[in-house]
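A short worksheet on the structure shown next.
The values are calculated or read from the model by the stated rules, or taken from the named source; none is laboratory data. Bear in mind the structure is a predicted one, so any value in this text is a computation, not a measurement. Glycine also receives a Cβ, built like all others from the backbone with ideal geometry; neighbour counts cover every protein chain displayed. Heads up: the accessible areas ignore ligands, DNA and RNA and are worked out on the full protein's heavy atoms, side chains in. Shrake-Rupley method; radii C 1.70, N 1.55, O 1.52, S 1.80 Å.
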There are 2 protein chains.
Amino acid sequence: MSEVEPVERTRVVARDGDRQVERDDALAVEEPLEIRIRPAQGGPGRPFVTTMRTPGNDEELVAGLLFAEGVIQSRSDLRSLERPVDPRIDPELRSNVMVASLVPEAHARGEKLERGTVMGSACGVCGKTSIENVIPADAVPLETRLRIRPELLFAMPERLREGQSVFSKTGGLHAAGVFAADGSLLALREDVGRHNAVDKVAGWALREGRLPLAGRILLVSGRASFELVQKALVAGLPVVAAVSAPSSLAADLAEEAGMTLVGFLRGGSMNVYAGAGRITAP
Amino acid sequence: MSEVEPVERTRVVARDGDRQVERDDALAVEEPLEIRIRPAQGGPGRPFVTTMRTPGNDEELVAGLLFAEGVIQSRSDLRSLERPVDPRIDPELRSNVMVASLVPEAHARGEKLERGTVMGSACGVCGKTSIENVIPADAVPLETRLRIRPELLFAMPERLREGQSVFSKTGGLHAAGVFAADGSLLALREDVGRHNAVDKVAGWALREGRLPLAGRILLVSGRASFELVQKALVAGLPVVAAVSAPSSLAADLAEEAGMTLVGFLRGGSMNVYAGAGRITAP
């Protein structure tokens with residue numbers, strides 16, 4: 001993590017059976033981030049969405065979230081990302097606000113999303129008669145040539161843990177990591193929200209000009225939800241692995257999109273819920 | 001759980017080292033629920049919010065979510081909850097939509113929330129100069145007389161697990177339970193989303209005329225986020241306990257609201273992050 005310490009010290013009353021001590025403890029920091037989109041004519045920007053996140057890598061989080069929502073489609077759609085300069089905003093709150101300036105086409109997509117189908121109230125799935133309609137028409141097809149040996153996948157959770165901060169190894173923060181096909185860890189981001197951790201790695205890839213992430217593997221420390229598979233799909237990731245369980249809709253979307261979805265990747269074993277063809281047979 | 005099976009059967013390729021078998025497996029069902037609010041003059045209703053949830057207890061989920069957002073403030077604010085009758089909606093999708101009819105005052109609150117500060121883009125925290133401003137001005141103060149013996153708390157995680165379905169005991173679903181001060185379990189709800197599980201128990205309480213939940217204890221199977229503590233606060237719960245870690249903002253809000261917040265409640269031990277006075281000393 002950069003910029004900000006993702007851990008806050010606190011005092012707790014620790015009870016163990018009949019024993020009671022007061023001692024120091026650490027908590028994962030959770031703070032709101034308000035993402036504002038600045039109009040073409042300038043100004044303080046309009047609130048677009050707020051997410052509860054762990055501070056650190058905010059630029060990546062904003063870039064990744066706007067990309068996942070289809071507001072920006074490439075690095076050049078994002079003109080700038082900055083803290084607000086509006087003097088009406090309390091200086092102490094500036095670190096919880098990020099203002100994005102977009103090229104006109106991206107700005108129009110953001111406004112359309114806000115107006116027609118505001119995030120949160122927009123249902124990308126309810127009105128669809130089948131899961132295939134959820135896949136964006138302009139989605140880049142996932143790479144199909146990739147083949148991975150299971151041993152490489154089995155080694156990834158340990159690599160992810162090694163890359164995490166001491167605190168998050170205790171389970172205080174979710175982690176998302178992007179791996180190359182040879183098993184090397186390319187990027188790792190942490191957050192109290194697993195969707196934020198994925199947005200951060202996607203934002204990293206966008207800002208580094210590495211999208212789509214064809215031939216890469218996404219590993220998440222927790223479960224795999226529909227939203228997470230959807231974000232991976234937009235980023236072009238052909239393989240998603242989770243240390244814990246996927247949901248039914250996550251497995252359905254992965255199957256329909258031709259993505260490989262691995263769950264319960266731990267202790268040298270795993271379940272493959274979709275796209276087993278990318279994993280070499282024994 | 002009622003109505004719908006929260007578990008979906010699937011086939012997986014299970015790899016364990018060099019061995020590979022194809023076998024049956026079970027997944028937690030995740031499906032979208034679009035919540036619509038019907039205007040006073042009737043009609044199909046306008047989309048208010050969509051949440052990804054595990055089907056089952058949808059009426060409770062909708063009631064609890066509208067209550068947590070301040071749209072409805074009592075049972076009588078909610079005139080009816082029903083599946084859509086609009087013939088344009090695919091019959092297969094009806095189970096993913098719920099239409100709420102509200103009394104005019106509640107309807108106006110819903111519209112205000114949509115118009116001014118749409119859910120998801122509304123930041124209830126960013127613009128506040130301190131955590132105390134997050135607490136609703138009309139929030140019922142939490143009960144202060146309650147005293148609980150630690151042994152009762154230590155026994156609750158096992159009671160929660162006993163009450164869960166066989167599947168969710170494996171970790172496939174989050175659980176939220178409301179306990180009486182004598183340690184008995186009053187209500188238990190499950191969901192892929194922990195916030196949904198809490199909305200479901202709050203909706204249960206609302207529909208049963210049991211709000212505020214003064215003198216009750218909320219136990220959640222996972223972590224405690226800010227949002228979760230906020231929902232518990234609105235429901236008047238003086239004690240929130242989590243099997244896993246709280247976030248910094250969850251602990252801050254609990255402290256400010258005079259709520260008891262317990263984390264890592266497992267194996268006969270716990271950490272008390274706020275309001276330790278309600279737990280009897282050794």
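Couple of notes before you dig in:
- The residues listed here are A:L113, A:L102; of these, the one that is crowded, with 17+ Cβ neighbours inside 10 Å, at pLDDT 75 or above and within 12 Å of chain B (Cβ to nearest Cβ) is A:L113.
- When A:I217 is tested against the conditions (1) over 20 Å from A:P157 (Cβ atoms); (2) surrounded by 24 or more Cβ atoms within 10 Å (Cβ to Cβ), the lone failure is (1).
- For B:N96, the conditions (1) open to solvent by less than 20 Å² (accessible area, probe 1.4 Å); (2) at pLDDT 90 or above are fulfilled apart from (2).
- Qualifying residue in segment A:67-74 (condition: touching a helix residue (DSSP H, G or I) at 6+ places or on another chain (Cβ under 7 Å), open to solvent by 10 Å² or more (accessible area, probe 1.4 Å) and assigned to a helix (DSSP H, G or I)): yes
- Counting only residues that are of a type in the set (S, T, N, Q), open to solvent by 10 Å² or more (accessible area, probe 1.4 Å) and in contact with a strand residue (DSSP E or B) (Cβ under 9 Å, 6 or more places away or on another chain), segment B:167-214 holds 1 of them.
- Enumerated helices (runs of 4 or more DSSP H) restricted to segment B:171-279, each holding at least 3 residues that are over 28 Å from B:E5 (Cβ atoms) and free of Cβ contacts under 8 Å to residues at least 40 places away in the same chain: B:248-257
- B:A26 in contact (Cβ under 8 Å) with a residue 40 or more places away in the chain and under 20 Å from the mean Cα position of the chain (by Cα): no
- Being closer than 21 Å to B:A197 by Cβ, open to solvent by 10 Å² or more (accessible area, probe 1.4 Å), in contact with a helix residue (DSSP H, G or I) (Cβ under 6 Å, 6 or more places away or on another chain) and modelled with pLDDT under 95 holds for only one residue in B:E227, B:E256, and it is B:E227.
- Selection over segment B:75-101 of residues that are farther than 18 Å from B:A205 by Cβ and assigned to a helix (DSSP H, G or I) gives a count of 6.
- A:K128 being in a loop (DSSP other than H, G, I, E, B) and either modelled with pLDDT of 95 or more or among the charged types (D, E, K, R) (or both): yes
- Listed conditions (1) of a type in the set (A, V, I, L, M, F, W, C); (2) more than 30 Å from B:G236 (Cα to Cα); (3) in contact (Cβ under 8 Å) with a residue 40 or more places away in the chain are all met by B:I72, apart from (2).
- Among the criteria (1) open to solvent by less than 40 Å² (accessible area, probe 1.4 Å); (2) away from chain B (no Cβ under 12 Å), the one A:R83 does not fulfil is (1).
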